[in-house]
Amino acid sequence: MDGSSSAPDSGPESLELTEGSPRPSDTERELAELRARAYGPEADIEADPAAMARLAELEAAHLFTVTAERAGGSTVVAPVPAAASAEPTRDPRPAGARRPSRRAGVVIGGTVLVGALAAAAWNLVPRPDATLQQIAVEANSDIIRVLSAQGRGPVPSTLRRFEPYHDVRVWSVEDHAGKVCFIVWDIAESGRFSIKCAPPGTEVALTLSVAREADEFGRWLPDGSNVDFRFREDTVDVFVRAPAD
C-alpha cells in the first residue's frame, strides 16, 4: 500500500444521473442506443434491418409524444411495440445496393403528422363556390355612365371587369376620392344593383339574397339563400349560403 486512496468504482459515464433527475425508461435507453448506432461516429445500423425498423418505431412514438405534450400541456406516452428478441438479421443485399435510411422514423412520423394536419386544415377552410377572374373591359362601358350619373366620380382608366356569375356582372373602379368601389349588377329580370366603396386594400363583400316574392334573382337556388361576392386584389370569390333553418 502506498497510502493513496483508490477511486471508487463507477458505472459508464453516460449512465450517471444527477441528483433529482428522472431515470430514463427502458424505451428511452433503447432509443438512445439505436440513435447512437444510426447517427453516431461509428454508425453501423444500416447493416441491421431489424434495428432500423425498431428505430423507426421508437422515433415515430417519440414524435407523437412530444407533439401531444406541446398541444395539450400534459405528458402523453404513445404505445411502443416491444423490441424483438431475435438476433439481428444481416441484409442479404450487397453493400453497394443498400440505401441509407437514417432518421427514417422521424421522416415517416413527421410526414404522417403533417399530412393529417394539412387535411384537417383543408376541411376547416371554407372554399368558394366560384372564383371570378379579371377579364377585358368593354369599350364605352355602361357602368361608368351609371356611376357618373350617380355622382360617384369614377375614374374610367381604373375600371376592372370580372367574369359574370350567372346573370350578375361584376366590376371594381376607383373614384376621385381615392377609394375603390365594388359593384354587382344583375342584368336579368331582377335588375339588382349593389355598390360599396372602401379604401384600397380593404376586403369588401357584397351580398345578394334570394327572395322569390320580390324578384327572380337566384332562381337556381332555394328561396332565402344568400350569394356573397368577396372582392380580392385580382379575383372575386363567390360563396353561396343555404337558407337559415
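The values are calculated or read from the model by the stated rules, or taken from the named source; none is laboratory data. None of these values were measured; they are calculated from a predicted model. All Cβ positions, glycine included, derive from the backbone under ideal geometry; neighbour counts span all protein chains shown. Just the protein is used for accessible areas: all its heavy atoms, side chains included, with ligands, DNA and RNA removed. Shrake-Rupley method; radii C 1.70, N 1.55, O 1.52, S 1.80 Å.
Every residue, every condition in (1) touching a His at 6+ places or on another chain (Cβ under 8 Å); (2) more than 19 Å from SER25 (Cα to Cα); (3) modelled with pLDDT of 75 or more; (4) open to solvent by 40 Å² or more (accessible area, probe 1.4 Å), yes or no:
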{"position": "ILE45", "(1), (2), (3), (4)": "no, yes, yes, no"}
{"position": "ALA56", "(1), (2), (3), (4)": "no, no, yes, no"}
{"position": "SER74", "(1), (2), (3), (4)": "no, no, no, yes"}
{"position": "GLU87", "(1), (2), (3), (4)": "no, yes, no, yes"}
{"position": "ARG90", "(1), (2), (3), (4)": "no, yes, no, yes"}
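When segment 213-245 is limited to residues that are in contact (Cβ under 8 Å) with a residue 24 or more places away in the chain, among the acidic types (Asp, Glu) and within 18 Å of GLN133 (Cα to Cα), the one that is least open to solvent (accessible area, probe 1.4 Å) turns out to be ASP237.
Could you name every one of the strands (runs of 3 or more DSSP E) located completely within segment 147-212 that has at least 2 residues being surrounded by fewer than 19 Cβ atoms within 10 Å (Cβ to Cβ)?
Values: elements: 160-165, 168-174, 180-186, 193-198, 204-209.
Result: 160-165, 193-198, 204-209.
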